[in-house]
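A short write-up of the structure that comes next.
The values are calculated or read from the model by the stated rules, or taken from the named source; none is laboratory data. Just so it is clear, the model here is predicted, and its values are computed rather than measured. Quick reminder, even Gly has a Cβ in these numbers, built from the backbone with ideal geometry, and neighbours come from all protein chains shown.
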Amino acid sequence: MPAVMLPALPFTILMPALSLLLVFRTNTGYARWNEARARWLGAGLLTLKPEPEPEPEPEPEPGAHAVGWPHQQLPQCRAPK
């Protein structure tokens, strides 16, 4: 396949303009996100408080039958030699 040769001048002229366009779009998007976040916080629909941790499960009484993981319920088996 033959190599395609393109002149560098159009890219040299367009790259600064495209980079500025990208920066302005990013800043606009962030400003819209920040405004929406402020409105959600103001309406009380978004909280920044962490949820409380769940209470730990009580330990089973000694001698009570507690179901554990499957590997704890099965006897240890070895492969025949």
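Among the conditions (1) outside any loop (DSSP other than H, G, I, E, B); (2) modelled with pLDDT under 85, Cys77 misses just one, which is (1).
Would you say Gly63 is modelled with pLDDT under 85 and either touching a Lys or Arg at 6+ places or on another chain (Cβ under 7 Å) or among the small types (Gly, Ala, Ser) (or both)? The answer is yes for Gly63. Could you list, in sequence order, the residues of the range 31-55 that are assigned to a loop (DSSP other than H, G, I, E, B) and surrounded by fewer than 10 Cβ atoms within 10 Å (Cβ to Cβ)? Matches in the range 31-55: Gly44, Leu45, Thr47, Leu48, Lys49, Pro50, Glu51, Pro52, Glu53, Pro54, Glu55. Looking at the structure I just gave you, is Gly68 at pLDDT below 85, on the phi > 0 side of the Ramachandran plot, small (Gly, Ala, Ser) and in a loop (DSSP other than H, G, I, E, B)? For Gly68, the condition - at pLDDT below 85, on the phi > 0 side of the Ramachandran plot, small (Gly, Ala, Ser) and in a loop (DSSP other than H, G, I, E, B) - is not met. In the set Thr28, Thr12, only one residue is surrounded by fewer than 10 Cβ atoms within 10 Å (Cβ to Cβ) and of a type in the set (S, T, N, Q); that residue is Thr12.
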